[in-house]
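The values are calculated or read from the model by the stated rules, or taken from the named source; none is laboratory data. Everything quoted here is computed from the prediction, not taken from an experiment. Cβ: placed from backbone, ideal geometry, glycine included. Neighbour counts: every protein chain shown. Accessible surface areas use protein heavy atoms only, side chains included; no ligands, DNA or RNA. Shrake-Rupley method; radii C 1.70, N 1.55, O 1.52, S 1.80 Å.
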2 protein chains.
Amino acid sequence: MSGALLTDHYELTMLQAALRSGAASRRCVFEVFARQLPGGRRYGVVAGTARVLDALEHFRFGEDELAFLAAHRVVDAPTLDFLAGYRFRGRVDGYPEGECYFPGSPIMTVEGTFAEAVLLETLILSVLNHDCAIACAASRMVQAAGSRPLIEMGSRRTHELSAVAAARAAYLCGFASTSNLMAGRVYGVPTAGTAAHAFTLLHDSEEQAFAAQLASLGAGTTLLVDTYDVAQAVRTAVELAGPELGAVRIDSGDLAEAARDVRAQLDALGAQRTRIVVTGDLDEYSIAALAAAPVDGYGVGTSLVTGSGAPTAALVYKLVARESASGVLEPVAKRSVGKPSRGGRKEAFRRLDDSGTAVAELVTVAREQPPGTRPLQVPLVRDGEVVWKEGLEESRARHRAAFAELPVTAHQLSRGDAAIPTVFG
Amino acid sequence: MSGALLTDHYELTMLQAALRSGAASRRCVFEVFARQLPGGRRYGVVAGTARVLDALEHFRFGEDELAFLAAHRVVDAPTLDFLAGYRFRGRVDGYPEGECYFPGSPIMTVEGTFAEAVLLETLILSVLNHDCAIACAASRMVQAAGSRPLIEMGSRRTHELSAVAAARAAYLCGFASTSNLMAGRVYGVPTAGTAAHAFTLLHDSEEQAFAAQLASLGAGTTLLVDTYDVAQAVRTAVELAGPELGAVRIDSGDLAEAARDVRAQLDALGAQRTRIVVTGDLDEYSIAALAAAPVDGYGVGTSLVTGSGAPTAALVYKLVARESASGVLEPVAKRSVGKPSRGGRKEAFRRLDDSGTAVAELVTVAREQPPGTRPLQVPLVRDGEVVWKEGLEESRARHRAAFAELPVTAHQLSRGDAAIPTVFG
């Protein structure tokens, strides 16, 4: 299905008025950036670029869309004619997925006629605002977890299709797997899961439930041990599975204390290699607090899919330059109170010190790469054709490298300033 | 496309193990409820039921889905066979859309074999957790706005398809319109919008931009007046449009002060009937704070689509009864620390006092309607067939009535206890 109606009404009325005034054909540059990093985050993470490019390729006004717009008189007949032939033929540059960003970083730059570019505002922002918000939360959780693997399991706490994008963003930032099967099918994210409390309750006893699970899924499975009494469940689990039991999962109570008790019990029962997975309203802070507990893996749900307190990345799509009546591309900027913008098409570079640590984000209207920096934007679309193709594994590796390059302040979970300053020039 | 993979991996592994143990065919009752109302809300609002029922009708494991599950060895061959023939044949009851709910309210009850019902957990929760969260935020904003209309315009701040569901939920709770064209097409929500700052910046002057908009959209349009200087823009707007100018929009600064200044200026210019619409990071609190300002309408974005601090409704899907080995339906409940559940299939009734004001939510395993109450659940699905069909306008009217029935504590925006207590029996 076309995403052309995943668009705000006002983009079409602006198009109509600009077609009539003649300004619709002016060349324009729109930039996507965040004025601040929400939630006092130290860095942002670019995610969703590939989803934007995919949506762009399907952004067409077909018969259905045009019939709706005509029936509801959203726009006039000349505008409908324009939309019927609409196809983005401009260029897009942007930060590749997995890259980190900071306030003012132009993470995507769209260039084309006003008519071409204005229609993409809502769709581009929807995808990036969602995916970047989840990615940033995921990245912080991954740092907090250290070498321990994280399973994303928040599908049930968010819109059914946000869930798929969230699983993708989490994997991009270093999560090991997801519970979401659609994310496995569409994006190749590894999927995982074994059983819920309902499975235990379904059977006449916990012992019968565990036996059924082991018979079907093997001793390497993860048994959920907190439906009734944890200590009793662990005893039953090891009795039935033997020391080859893969893992036990604890989903309630004080997880640190429970993990210590269960670890001691498993060890005493000879199940030294049985792992302990904890779940239950975890976020980056509670994950960090469990660093000293004998935990082997975390399952994260609600806080991941809701961006852990920052459910949207606060990215905006602003006109920064446009062709004037005399055909010259000129910078433009609004002067609204508290929301001023910076005019001009910008390039971005990350300045690194001699040790390779990032020290500043340079956002500049100059065209040349300053020494001691690396460029941040890559070509995404040329003449309307998507020219950027990258697998999720590559983006995942980029995020690891981009995060590793940041100074240690980026590791801080507390609210504060961005890990590096943005320098405009 | 089938939503069958909008499902957590563990639902399929539970199915596999239960098929093998024989428990998969046991009759089960699952209930959807919230342990608490997140964010200290005084009431919840049911939304998304129609989307759940629609998804249920398309929940099939086709060749694509089965091929994925086989290739990734998510489940074994007997389970794939079962899934190939899967069709929900059970029953579903629930609170109709627009109804209010409270902690423990069984807003949806799913009854079928374990195999049938366990597979629906993630999809049902995803839809309801998202839509109920947005609906509750929307309802509070509508109360805060009093008789002034609200436009939903948050699409760009959330996942592109969450945006469509959010627009629907907002309209259900009394918003007048949405910016989201897809919500107009799919759900018939009225759409609205005129122009952004980019339209003003596109032209060589604000005057040219306003003239272009007026020429195309007529004097009844809404002109955005805060791109440069508000007072100058209002003067230009009335000069060009005359006193028939429909409205002006202010998107920045101190909105109360700006609205008072602009109202005085419009009145002095003879444009007494030109309305003032304000936008810019509004939520229920800032809407309430603008009650005394001369504002004629509000546009709400980010806070609406993110649930205004409570982005998920914290609804769970719990097994509360199942057939035992001897074929009797028995209540079941887990005893996890901090997350205990109440066993048994429950009915729900709202107790009203003599004036028709709600005084308690009765959630009971008894079958008979207590005097002085109204029943809350309606039949949604029978023998796998959807039997509940209702238009969005009816659900919208139900929400108005259900909210009006609540005691005045429901009007409080502050955090606190639910407006009425839940009585379990």
Failed item in (1) under 22 Å from B:P38 (Cα atoms); (2) more than 14 Å from chain A (Cβ to nearest Cβ); (3) loosely packed, with under 13 Cβ neighbours inside 10 Å; (4) not aromatic (F, W, Y), with B:P340 passing the rest: (2)
Strands (runs of 3 or more DSSP E) wholly inside region A:368-425 that include at least 1 residues being touching a helix residue (DSSP H, G or I) at 6+ places or on another chain (Cβ under 7 Å) and assigned by TED's automatic domain parsing to the domain that holds A:E347: A:378-382
Residue in region B:188-198 that is closer than 30 Å to A:S179 by Cβ, hydrophobic (A, V, I, L, M, F, W, C) and more than 7 Å from chain A (Cβ to nearest Cβ) present: no
Count of region A:346-389 residues which are among the polar types (S, T, N, Q) and either touching a strand residue (DSSP E or B) at 6+ places or on another chain (Cβ under 8 Å) or buried (at least 20 other Cβ atoms within 10 Å of the Cβ) (or both): 4
Conditions (1) without any contact (Cβ under 8 Å) to a residue 40 or more places away in the chain; (2) open to solvent by less than 10 Å² (accessible area, probe 1.4 Å): number failed by B:Q208: (2)
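Of all residues in region B:180-205, count the ones that are in contact (Cβ under 8 Å) with a residue 60 or more places away in the chain and in a helix (DSSP H, G or I).
The number of residues fulfilling the criteria is 1.
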Residue in region A:162-179 that is under 27 Å from A:E284 (Cα atoms), without any contact (Cβ under 8 Å) to a residue 24 or more places away in the chain, buried (at least 20 other Cβ atoms within 10 Å of the Cβ) and out of contact with any Lys or Arg (no Cβ under 8 Å at 6 or more places or on another chain) present: yes
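If you go through region B:147-179 one residue at a time, how many are at positive phi and assigned to a strand (DSSP E or B)?
0
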Total residues in region B:162-185, condition more than 26 Å from A:I134 (Cβ to Cβ), facing another protein chain (nearest Cβ under 9 Å) and within 15 Å of the chain's Cα centre (by Cα): 1
Counted residues, region A:317-337 - those being open to solvent by less than 10 Å² (accessible area, probe 1.4 Å) and more than 8 Å from chain B (Cβ to nearest Cβ): 2
Failed criterion for A:A192 (all others in (1) open to solvent by 20 Å² or more (accessible area, probe 1.4 Å); (2) among the hydrophobic types (A, V, I, L, M, F, W, C); (3) within 15 Å of the chain's Cα centre (by Cα) hold): (3)
Residue match in region B:104-124 (condition: within 27 Å of A:A167 (Cα to Cα), more than 9 Å from chain A (Cβ to nearest Cβ), part of a helix (DSSP H, G or I) and open to solvent by 30 Å² or more (accessible area, probe 1.4 Å)): no
Test for B:D296: is it out of contact with any helix residue (DSSP H, G or I) (no Cβ under 8 Å at 6 or more places or on another chain), more than 25 Å from B:R157 (Cα to Cα) and acidic (D, E): no
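From the list B:R35, B:R60, exactly one residue is surrounded by fewer than 19 Cβ atoms within 10 Å (Cβ to Cβ), in contact (Cβ under 8 Å) with a residue 40 or more places away in the chain and more than 30 Å from B:G344 (Cβ to Cβ). Which is it?
Working: B:R35 fails: more than 30 Å from B:G344 (Cβ to Cβ).
From the options B:R35, B:R60, the qualifying one is B:R60.
Which fully enclosed strands (runs of 3 or more DSSP E) of region B:321-366 have 3 or more residues being touching a residue at least 40 places away in the same chain (Cβ under 8 Å)?
Answer list for region B:321-366: B:347-352, B:358-364.
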Among (1) over 20 Å from A:K346 (Cα atoms); (2) open to solvent by 10 Å² or more (accessible area, probe 1.4 Å), the one test that A:R27 misses: (1)
Residue identified as modelled with pLDDT of 95 or more and under 18 Å from the mean Cα position of the chain (by Cα) among A:G146, A:G220, A:G154: A:G154
When residues of region B:139-161 are limited to those that are touching a His at 6+ places or on another chain (Cβ under 8 Å) and within 14 Å of chain A (Cβ to nearest Cβ), the one most open to solvent (accessible area, probe 1.4 Å): B:L161
Pairs, first assigned by TED's automatic domain parsing to the domain that holds A:G327 in region A:107-122, second of a type in the set (S, T, N, Q) and at pLDDT 95 or above, C-beta under 6 Å, six or more apart: A:T113/A:S25; A:T122/A:T7; A:T122/B:S155
Exclusive hit being on the phi < 0 side of the Ramachandran plot and modelled with pLDDT of 95 or more, set A:V365, A:V423: A:V423
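Yes/no matrix, rows are residues, columns are (1) in contact with an Asp or Glu (Cβ under 6 Å, 6 or more places away or on another chain); (2) free of Cβ contacts under 8 Å to residues at least 24 places away in the same chain:
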site	(1), (2)
A:Q369	no, yes
A:G384	no, no
A:A402	yes, no
A:A410	no, no
A:F424	no, no
